[in-house]
1. Look at the range 15-40 and say how many of its residues are at pLDDT below 95 and open to solvent by less than 50 Å² (accessible area, probe 1.4 Å).
2. Which condition number in (1) modelled with pLDDT of 90 or more; (2) in a loop (DSSP other than H, G, I, E, B) is the one that Leu68 fails?
Amino acid sequence: MAKKNRSCLVRRHFRLRGPSGDELRRSIALEPGFWSALDDMAPGEKLRLLIEDCLAGLSPDESLVSILRCTVMNHYRALCDERRLAMRPSESEGKREKQIGARN
């Protein structure tokens, strides 16, 4: 008998302040890696505030979970961009040449 593909999503429950000021109860299911990243980005009570900010900018056809995933991705892309800018040009050129040579 084949095993069922079980979801690896972790569900967390929040009481949030909606855009109109009313209290909302939301259950959000994300992969553990996304929860870990969100906890790093906004520890403790700041996570609820981050989720409320995402909720406030949400249009009716958008998914809160999708917006949260994009928020994590954009955060880490910004960190990568900062790291790339901090690298000296000779370092980045050397890595680029190694990558090109490895492809050939």
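1. The total comes to 4.
2. Every condition holds for Leu68 apart from (2).
The values are calculated or read from the model by the stated rules, or taken from the named source; none is laboratory data. Please read all numbers here as calculations on a predicted model, not as lab measurements. Each accessible area value is taken on the protein alone, full model and side chains, heavy atoms only, with ligands, DNA and RNA left out. Shrake-Rupley method; radii C 1.70, N 1.55, O 1.52, S 1.80 Å.
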